[in-house]
Amino acid sequence: MNLIQQPSTINFLSGSIIKVDFDSCINSEINGLHYAVAMNTSNNDNSSITVIPLRPLQPQEDPTLLHVNEVYLGDELFVLLNDRLSTTTKEINARIKEERNLLGSECFILPKDTLNESLGTIKKLESKRSVNKQMVDEINAFKQGCVATINQITDIKITSIVAPKDEFDVEYGVTLSPSAMQLIKSNYNFLTNI
């Protein structure tokens, strides 16, 4: 099984949560790695996608007093990413155990290519597990809530997407609820019609 998918093979739906390297984006007001929500659907033919950056609500901020360009989404992102982290960790651990069992029971009869592929898969999975463990603090930053920064809507190249790249990334398959997306879209429509 090919563990790593190329970014062009992952289709992002409207509402998909992605991690973007905004340093590589031209005309972006935001810098560095940030979560964002996809505002349109991508496919293999698209080289870009429209996103709105997301940020954690700061401890001193009152969600009812945010700037008109910002939308408070509650703790939905925290819950989604935290649940996905738990699920992904279990999936990775089960897959590592499966690969190790295969090696332990059949390593003397496996062809060398199959043996090397299995060892490579274990190494990649262990690396993913390590990266995902490091994300706990990043995810916990959204415990107080998430803010969509509507005025920073931008088109990005698919190549600027850092995650998800494969099924074992925490962001893989994480999508905001229709009600959260409606809140973002309503606010965007209001701001663009002022």
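The values are calculated or read from the model by the stated rules, or taken from the named source; none is laboratory data. Keep in mind that what you see is a predicted model, and the values were worked out from it rather than measured. Every residue, glycine as well, gets a Cβ built from its backbone with ideal geometry; the counts of neighbours run over all protein chains shown. In case anyone asks, the SASA skips ligands and DNA or RNA and just uses the protein heavy atoms, side chains included. Shrake-Rupley method; radii C 1.70, N 1.55, O 1.52, S 1.80 Å.
Under 5 Å between amide H atoms, partner at least 5 residues away or on a different chain: which partners does residue 162 have, H built in plane at 1.01 Å?
Distant-sequence amide H within range of residue 162: 19, 20, 21.
If I ignore ligands, DNA and RNA and count only protein heavy atoms, how much of residue 159 is accessible to a 1.4 Å probe, in Å² to the nearest 10?
120 Å²
Classify segment 120-194 as rounded, prolate or oblate from the Cα gyration tensor: take a ≥ b ≥ c as the square roots of its eigenvalues, call it rounded if a/c is under 1.5, otherwise prolate when a/b beats b/c and oblate if not.
Because a/c hits 1.5 or more and a/b exceeds b/c, segment 120-194 counts as prolate.
Taking Cα atoms, how many degrees apart are the long axis of helix 178-192 and the longest axis of the chain, rounded to 10 and kept between 0 and 90?
Rounded to the nearest ten degrees, it is 40.
Can you return the lysines within cross-link range of residue 133? Criterion is Cα-Cα under 29 Å, with same-chain partners fewer than 8 residues away left out.
The reachable lysines, counting only those whose Cα sits under 29 Å from residue 133, are 19, 90, 97, 123, 124, 143, 157, 165.
Which of rounded, prolate, oblate describes the chain, given a ≥ b ≥ c as roots of the alpha-carbon gyration tensor eigenvalues and a/c under 1.5 marking rounded, otherwise prolate only if a/b is larger than b/c?
Judged from the Cα gyration tensor, the chain comes out prolate (a/c at least 1.5, a/b above b/c).
Mind checking the angle between helix 112-134 and the chain's longest principal axis? C-alpha axes, 0 to 90 degrees, to the nearest 10.
Orientation of helix 112-134: about 30 degrees from the principal axis.
Only Cα pairs within less than 10 Å get springs; with that Gaussian network setup on the chain, which residue of 42, 86, 14 has the largest fluctuation?
86
Given the options 57, 65, 80, which has the most mean-square fluctuation in a GNM of the chain, springs set between C-alpha atoms less than 10 angstrom apart?
Evaluated over the chain, the most mobile residue of the options is 65.
Lys and Arg at +1, Asp and Glu at -1: add these up for the other residues within a Cβ distance under 13 Å of residue 10 and post the number.
-2
For segment 81-143, what % of the accessible area comes from carbon and sulfur atoms, probe 1.4 Å?
In segment 81-143, the share of accessible area belonging to carbon and sulfur is 52 percent.
Just reorder 167, 99 by solvent-accessible area, largest first, 1.4 Å probe, all chains present.
Correct descending sequence by accessible area is 167, 99.
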